[in-house]
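> Please see the structure below; I have some questions.
Values in this text are rule-based calculations from the coordinates and carry no lab data. Nothing here was measured: the structure is a model prediction, and the numbers come from that model. When we count neighbours, we look across all protein chains shown, and the Cβ atoms used for this are built from the backbone with ideal geometry, even at glycine.
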Amino acid sequence: MKNYLLLFSLVTVGLVFFGCGKDEPDEMMMATCMDGIQNGTETDIDCGGDCPACITTVEEDKANIQKTFDDMINCVQDMEDSRAVTVFFKKFLNLSNGEVLNQDWIDNLTETLEGVFDGDHIDTNSKLDLNYHKGIYSFDAVNNVWTKSTTTEDKIIFNFPAEPALLSNNLEVGLDLYTDKRVTIDEDVMSLPTAMHAYINIDGIKAFEISLSDVVYAENADYELPVEATFQLFMDPMEINISVDRVNSTSYEMDMNFSDGNLCDIGVHAEMELKDDDFENLSTNSLKTANVTIDIGDLSIRTLGDLATLLAIDDPSDAQVNNLLDLTVFFQDLKIADLEIDQEDESFIIFYKDGSSEDTEVFHDDFWEDIRVIWNKYFGE
């Protein structure tokens with residue numbers, strides 16, 4: 001159960017770092033929430049929309065939970081249909097049933113690149129020197145060679161075809177910002193990034209973008225642990241934002257938001273406090289407090305118990321798991337149910353506000369099968 005619990009906690013503390021904030025309603029909207037009329041964005045009299053959530057029945061709660069899972073399936077399908085996945089999985093990798101069918105072509109691209117890109121310089125110095133490697137590297141598919149042209153700017157650009165059938169370069173990979181910090185890990189000196197910006201354009205249109213900034217590493221650890229960082233990833237049309245903020249030497253807040261501006265609206269907010277800042281001996285016993293909120297659209301799952309104490313128990317019982325985790329389900333910030341873990345069946349039981357209960361598989365059993373069908377074409381069984 002320890003592994004099962006840890007998996008839930010990490011997926012709870014780390015997939016799933018779901019959580020997107022909502023804008024505060026303006027004064028005009030608030031005025032409509034107290035006029036005894038269903039108007040504005042309200043879904044009922046003085047509630048719903050931009051007003052406080054409406055009180056729901058258990059049947060409405062079940063329907064809202066089911067709709068959340070249905071929206072997530074559509075979200076995953078949108079990802080599968082995205083231009084980024086189409087170009088990377090289908091065209092560049094030609095990924096099928098777990099096998100990269102374009103492997104020979106990709107190997108040829110990387111091997112011939114070695115003729116103009118000095119990768120040994122990175123190995124020798126244990127760092128990437130943007131100024132040393134700067135230039136525009138272009139692949140000539142007709143002659144099967146790479147060429148390099150210099151640039152006055154500190155950036156590295158690779159131009160090559162997005163698939164073997166193309167003879168022209170329609171894919172641009174660029175790195176135009178990179179800074180790092182020299183660290184020692186297990187007596188090995190290397191450089192770890194403190195800031196970075198990279199992108200991929202396909203036919204001149206952005207498909208991927210990665211930004212890393214404000215990285216601060218712990219100074220008293222055998223390994224370099226980021227204690228502050230901001231990470232942003234755009235994968236057309238999805239945006240992922242991750243931030244780690246150090247409130248003080250032992251308290252941290254972490255957020256991960258995943259959104260496409262449509263059905264994909266997922267996030268996680270985590271707050272944790274360590275007993276001390278001894279990062280050399282960091283373990284599950286180092287936590288003093290920990291709380292996690294998972295948001296999927298209007299649905300939230302929150303740990304309202306003592307997660308830190310639970311993670312420190314080697315083999316917790318069902319009672320310890322459920323009492324200390326205290327998982328609670330909210331819809332539009334109104335509590336609608338409690339969740340409990342059944343360790344023996346490795347399942348979750350949902351308890352509604354009318355006292356009834358059922359296995360959550362009624363909502364997610366088909367969900368995981370649908371996910372499997374969507375991605376198995378790429379990754380196999």
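> Of the listed peptides 249-261, 277-289, what is their order by residue-averaged count of other C-beta atoms within 10 Å, with the highest listed first?
Going from most to least packed, we get 249-261, 277-289.
> Order these peptides, 156-162, 375-381, by their mean beta-carbon neighbour count within 10 angstrom, highest first.
Result, highest mean Cβ count within 10 Å first: 156-162, 375-381.
> How would you order 84-90, 353-359 from highest to lowest mean count of nearby Cβ atoms within 10 Å?
84-90, 353-359
> Right, another one. Of the listed pairs LYS67/LYS377; LYS90/LYS155; LYS62/LYS288; LYS134/LYS181; LYS288/LYS335, which have alpha-carbon separations greater than 30 Å here?
Table pairs above 30 Å Cα-Cα are LYS62/LYS288.
> Using a Gaussian network model of the chain with C-alpha springs under 10 Å, which one of GLU273, GLU209, GLU114 is most mobile by mean-square fluctuation?
GLU114
> State, to one decimal in nm, how far the label point of ASN376 lies from the label point of ASP278, with both points 7 Å from Cα in the Cβ direction.
Placing both labels 7 Å beyond Cα along the Cβ direction yields 5.0 nm.
> Report ³J(HN,Hα) in whole Hz for each residue of segment 314-330, in order, from the Karplus equation J = 6.51 cos²θ - 1.76 cosθ + 1.60 where θ = phi - 60°; Gly and Pro get x.
5, 9, x, 7, 4, 4, 5, 4, 6, 6, 7, 6, 6, 6, 10, 9, 10
> What do you get for Rg/Rh over segment 220-305 if you use C-alpha atoms and the Kirkwood form of Rh?
Taking Rh as the inverse mean 1/r over Cα pairs, Rg/Rh reads 1.04.
> Right, another one. I need THR293, THR152 ordered by Cβ neighbour count within 10 Å, fewest first.
Listed from fewest to most nearby Cβ atoms, that is THR152, THR293.
> Please work out which option in (1) 72, 48, 48; (2) 73, 53, 42; (3) 68, 55, 37 gives Cα extents along the principal axes in Å calculated from these coordinates, and answer with its label.
Here Cα extents along the principal axes in Å agrees with entry (1).
> Cross-link partners among aspartates and glutamates for LYS148, C-alpha distance below 16 Å, same-chain residues fewer than 8 apart left out?
Excluding near neighbours in sequence, the set is GLU111, GLU114, ASP118, ASP140, GLU172.
> Could you list the GluC sites (Glu not before Pro) in segment 127-187 that lie in coil according to DSSP, counting only those with at most 15 other Cβ atoms within 10 Å of their Cβ?
GLU153, GLU187
> Now a separate question. Summing Lys, Arg as +1 and Asp, Glu as -1, what charge do residues with Cβ under 11 Å from the Cβ of THR86 carry, THR86 excluded?
Summing Lys and Arg as +1 and Asp and Glu as -1 gives -1.
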